[in-house]
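Before any comments, here is the structure.
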Amino acid sequence: SSTQKAFLFLLVLLITYYLLLIAKFWYADMQFASGNRYRQVSYYGTAYPLIKKATEINPREPLFHSELSTTAAVLALASAQNEDATSAAGFMQEALIESQKALQISPQNLLFWKKQTTVLTTLAEIDPQLFTSARDAALIAAELAPTDPKVTYNVGILYGKTSEPEKAIEWLQKTKELKPDFRDAFYAQALFYKDLGNIEKARENLE
């Protein structure tokens with residue numbers, strides 16, 4: 001009947017739509033996986049267009065935005081070191097925007113706050129004022145994972161980068177309490193104690 005034909009036609013359209021949608025997401029995942037493999041072996045120039053393509057195809061996936069931001073940040077720093085100010089500025093802006101997009105989609109995801117900390121720390125090598133933003137991102141990560149020694153360590157180091165050695169020592173002390181065999185935390189704390197002129201405490205940490 002006409003009703004059955006109409007129903008079948010709509011059903012075929014619906015099935016076709018979902019098949020195309022699945023194919024679209026599959027292609028985006030393939031692009032991302034390929035780009036991520038290049039990123040993991042530090043071929044950032046090759047990884048960048050692949051991850052960017054995946055992000056354009058599936059803009060709802062926060063992981064794509066996050067990895068694009070870290071890749072763009074590395075390329076921004078490389079461009080700045082090569083004295084290509086235009087490319088550095090472009091990659092830097094993209095890194096900041098993409099990192100924020102990942103957090104807008106998934107604001108309570110610890111991984112993305114860690115990634116933003118990394119992105120901002122990388123970009124701070126170009127603009128040191130971003131160390132403050134990196135520290136603030138690390139503090140949010142510490143709220144989400146208060147018992148993660150790597151997170152508290154990063155907070156301590158970034159307090160040092162923002163010229164607050166007392167707070168750096170405080171956070172590194174937390175790190176040592178969480179992980180008593182965290183060698184880098186002892187070493188970093190020794191350096192900050194040395195900066196403050198407390199040689200005895202510096203020696204104690206080094207020992």
Cα centre as origin, Lys/Arg/Asp/Glu Cβ charges: segment 1-141 dipole, Debye: 620 debye
Efficiency of FRET between Gln40 and Gln129 - r from beta-carbon atoms, R0 25 angstrom, step 0.05: 0.25
Carbon/sulfur fraction of accessible area - segment 1-86, other protein chains in place, 1.4 Å, %: 64 percent
Compactness of the chain - radius of gyration and Dmax, Cα, Å: 22.8, 93
Ranked order, Glu200, Glu207 - accessible area, probe 1.4 Å, largest first: Glu207, Glu200
Cβ-placed point charges (K, R +1; D, E -1), dipole of segment 135-207 about Cα centre in debye, nearest 20: 140 debye
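Starting from the residue with the highest accessible area, list Trp113, Trp26 in decreasing order, probe 1.4 Å.
On the way: Trp113 40, Trp26 155 Å².
Descending order: Trp26, Trp113.
Once the Cα gyration tensor of segment 124-181 is found, what semi-axes does its equivalent ellipsoid get, as square roots of 5 times the eigenvalues, in whole Å, sorted largest first?
20, 12, 8
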Accessible surface, 1.4 Å probe, highest first, among residues Ser42, Ser163, Ser66, Ser34: Ser163, Ser42, Ser34, Ser66
Segment 72-152 - Rg and Dmax from Cα coordinates, angstrom: 13.1, 41
Per residue, in Å², the accessible surface of segment 78-135 once ligands and nucleic acids are set aside, probe 1.4 Å: 54 Å²
Segment 45-93 versus segment 153-174: alpha-carbon centroid distance in Å: 29 Å
Debye log10 I(q)/I(0) for segment 1-120, one point scatterer per Cα, at q = 0.09, 0.11 Å⁻¹: -0.34, -0.45
Charge dipole (the chain, unit charges on Cβ, about Cα centre) - positive-most of Tyr17, Thr46, Ala190: Tyr17
Positive-pole candidate from Trp26, Val155, Leu75, dipole of the chain, charges at beta carbon: Trp26
Nearest 10 degrees, 0 to 90: helix 2-40 Cα axis against the chain principal axis: 30 degrees
Relative contact order (%) - criterion: Cα under 8 Å, at least six apart; region: the chain: 10 percent
Additional length obtainable on full extension of the chain from Glu164 to Ile15, 0.36 nm per residue less Cα span: 47.7 nm
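The values are calculated or read from the model by the stated rules, or taken from the named source; none is laboratory data. Since this is a predicted model, take the numbers as computed values, not measurements. Note that we place each Cβ from the backbone using ideal geometry, even for glycine, and neighbour counts take in every protein chain shown. Keep in mind that these areas ignore ligands, DNA and RNA; they rest on the heavy atoms of the full protein, side chains included. Shrake-Rupley method; radii C 1.70, N 1.55, O 1.52, S 1.80 Å.
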